[in-house]
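The values are calculated or read from the model by the stated rules, or taken from the named source; none is laboratory data. Every value quoted in this text rests on a predicted model; they were computed, and no experiment measured them. Please note: Cβ atoms are built from the backbone with ideal geometry, for glycine as well, and neighbour counts cover all protein chains shown. What goes into the accessible areas is simple: the full protein's heavy atoms, side chains included, and nothing from ligands, DNA or RNA. Shrake-Rupley method; radii C 1.70, N 1.55, O 1.52, S 1.80 Å.
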Amino acid sequence: MKKNLYIGLLSVAILTTSCNVDLLNIPQEGVVSEENFYKTDDDCNEAITAVYNIFRSAYSGDIDWRYCNGFYLKNALADDLIAGGGWDQPGPQELSQSVTTPTNEWVKLYYRELYTTIYLSNLVIEKFDESSDIKKRNIAEAKFFRAICHFELTTLWGNPPLIDHVLTADEYEQPNSTQEALYNFIEQDLTEAINSGALVSKINMDDKDTGTRVTREAAQTLLGKVYLYQGKYLEAKEQFKAVIDSRKYGLVDDISILYHTAGNGCKEYIFENVRHNDPNNLFGGVGTGSNIWGADTGQGGAHQILVNWPFATAMFTGPGAYEHYNFCPQGYAYFHPTQSLYNAFVAEEGENGYRLNNAIKTVEQVIAMNVYWPTAYAHNYHEGLFRMKWLPTQEDENVQNWSGAQQSFPVMRYADVLLMMAEACVQSGTDQTLADQCVNEVRTRARLTPKLNVTMDDIKKERQLELCMEGVRFLDLKRWGDAPTALATKGKQNPTFRITPDPDNDYSTVEGIYNAIYECTLEWTDNDYNYEAAGWTPGRDEYLPYPQEELNVNPLLQQNPGY
């Protein structure tokens, strides 16, 4: 039986077989045939909903039991987080230690799901006409999704195949494209979506409903980012100015709500992967009879169990802990802040910095939150620092269903727009006053003093701190040419933070936990997986490897150098 596989679409590709065709033509009850589906506004809404769903899963959900998504993948590549966990999940560990291989599961799964999103977007664009406002809007949104997926593929893989239509059976094998062609196509899709007049715009900053869809301003933000990455600074400024001048977005006063349910639909989110508390749409969880590891778990977001502190394994909440934070009751302990990020915060904000304390806690600060270790524990791939940013709360997660995420994840937020605008101004040398204004709006929210005549070094520092652990750092370092230095020794040595409690500690009271005594040590060991390959390798680490499974079925696809 011969199978022609569409790039990355093992689950949705058309399969040509030598089986008896009559056996495949039995009408299935309750299923609308393809020739009868792509017609009505309702059909079009269902089709675009499928696009939203798969992109949410790809970017910030859990594609399968390995928990892969683009947000995690890009964070693992940078220098502000250590993936954590162990080699029973080599996907994040390879990325975090700069020893990524073509068989890496996270690389394969994100690549596949991006192309799945492109496939579903192409269906909307091709199968529907523009005979109604609903169809026009959905087609414009599909162009946005097709563009953002190609942008992710281009920035992470360099020269992936460009897929601009639904492939026929004889087109499944596609060659690498070029960055020029890819960027031109992305710009075209976004420009057409913006100029269509079909994309919605929020009514005002307080509008939490309209922004659940792709807005005109979201497309403008992405187009500005695409221009910025190519060094087209004046064109980028024009797009960012349109978003800023719309006055539909702003910085929230309390940054602690970002990445939590309290931030869902907030004025800072330009585009977000939407989730909400829907008991009828949790999909999975203990006792439901569903596959709790599947892509539908908790609306595509098994978030708590992976990125929470190791509660129920090593750490426990004392009687006063929930006065400090509404902790979730269990976790696997992935993604830990690096000492270099902490040091950068302290240098700019001091040890009590507002953003710092909302992003990272030291072990002493964690103990002060009435959290304790009753037995000795070794935190692997951990420097003794604890991530607060996007740490799940019980409001974020349906704890009864074990891992059902209910918080929306921002793909783009307004602070990023301001800092990208400042960068475009400084790099083009056209508007220093505006650059200062944008940077200082972010700094004022961070409770820092304003700066005058901001430089690229100032902007780089603000981006490192403001957007830390948000999946933008790796691409920033790479496009600035700073990656070879910043990531030179990434993964060469791995840390273990050991904490041993005093046997006389009293954990029965708030005071006892607060005054508990621990012996803490930090140990570094050479990378025992692939020491020679770890660290930044010029000519290899600029881009990810194409998945080996794709190379096996597509002889026209050429592997990136170094793999």
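The spacing between region 173-227 and region 449-513, judged by their C-alpha centroids, is 31 Å.
Shape annotation for region 152-239: C-alpha extents along the principal axes are 48, 32, 22 Å, from largest to smallest. Put simply, the amide H of F311, placed in the peptide plane, has neighbours under 5 Å in G331, leaving out anything fewer than 5 places away on its chain. Restricting region 466-563 to GluC sites (Glu not before Pro) that sit in a DSSP loop and have at most 12 other Cβ atoms within 10 Å of their own Cβ leaves E532.
Axis of helix 105-127 versus longest Cα principal axis of the chain: the two differ by about 40°, to the nearest ten degrees.
Rounded to the nearest 20 debye, the dipole size of the chain about its Cα centre is 680 debye, using +1 on the Cβ of Lys and Arg and -1 on the Cβ of Asp and Glu.
Expressed in nm², what is the orientationally averaged projection area of the convex hull enclosing the Cα positions of the chain?
Values: hull surface 106.8 nm².
Its Cα hull, projected and averaged over all orientations, spans 26.7 nm².
How high is the relative contact order of the chain, given as a whole-number percent (alpha carbon pairs under 8 Å, six or more residues apart)?
On the way: 1071 pairs, mean separation 104.6, N = 563.
Relative contact order here is 19 percent.
Sorted by accessible area with a 1.4 angstrom probe, largest first, how do M369, M205 fall? Show your work: numbers first, answer last.
Details: M369 15, M205 65 Å².
Correct descending sequence by accessible area is M205, M369.
Normalised by 2.2 N^0.38 Å, where N is the number of residues, the alpha-carbon radius of gyration of region 422-473 equals 1.09. Straight Cα distances below 17 angstrom link K202 to the lysines K241, K248, K267, with same-chain residues fewer than 8 positions distant left out. Solvent-accessible area of R137, probe 1.4 Å, all protein chains present, reported in Å² to the nearest ten, please. About 50 Å², ignoring ligands and nucleic acids.
With all protein chains in place and a 1.4 Å probe, the accessible surface of the chain carries 49 percent carbon and sulfur.
In debye, nearest 20, what is the charge dipole magnitude of region 89-169 about its Cα centre with +1 on Lys and Arg Cβ and -1 on Asp and Glu Cβ, if you could check? Numbers along the way, then the final one.
Details: 8 positive and 10 negative charges, 17 e Å.
Charge dipole, region 89-169, about its Cα centre: 80 debye, nearest 20.
For Y334, nonlocal amide neighbours, meaning residues 5 or more places apart or on other chains whose placed amide H falls under 5 Å from its own, are V307, N308. Across the options G318, G61, V417, the greatest Cα extent toward the positive end of the charge dipole of the chain (unit charges at beta carbon of Lys, Arg, Asp, Glu) belongs to V417.
With an 8 Å Cα cut-off and a minimum separation of 6 or more residues, compute the relative contact order for region 333-464 in percent. Write down the numbers at each step before the final one.
Working: 116 pairs, mean separation 25.5, N = 132.
Here the relative contact order equals 19 percent.
Distance between the C-alpha centres of region 521-555 and region 331-388: 27 Å, rounded to the whole angstrom.
Keeping all protein chains in place, calculate the accessible area per residue for the chain (probe 1.4 angstrom), answer in Å². Don't jump to the answer; show the numbers that get you there.
Values: 22600 Å² over 563 residues.
On a per-residue basis, the chain sits at 40 Å².
Against the chain, whose longest principal axis is taken from its Cα atoms, helix 133-157 shows a tilt of about 60°. By a 1.4 Å probe calculation restricted to protein chains, E441 has an accessible surface near 70 Å², given to the nearest 10.
Answer rounded, prolate or oblate for region 417-563, using the Cα gyration tensor with square roots of eigenvalues a ≥ b ≥ c: rounded when a/c is under 1.5, else prolate when a/b is larger than b/c, else oblate. Oblate is the answer for region 417-563, as a/c is 1.5 or above yet b/c matches or exceeds a/b.
So what's the back-of-envelope 222 nm ellipticity for the chain, counting only DSSP H runs of four-plus at -39500 (n - 2.57) apiece and dividing by all residues, rounded to 500?
-12000 deg cm²/dmol
Dipole orientation for the chain: of the candidates H336, L557, Q304, L557 has the Cα lying most toward the positive pole (charges on Cβ; Lys, Arg +1; Asp, Glu -1). For region 212-262, the fraction of C-alpha pairs more than 17 angstrom apart is 47%.
Here the Karplus relation 6.51 cos²θ - 1.76 cosθ + 1.60, evaluated at θ = phi - 60°, turns the backbone of region 461-473 into coupling constants of 5, 5, 5, 4, 8, 5, 9, 4, 6, 10, x, 10, 4 Hz, with x for every Gly and Pro. Relative to the longest principal axis of the Cα atoms of the chain, the long axis of helix 432-445 makes an angle of roughly 60 degrees.
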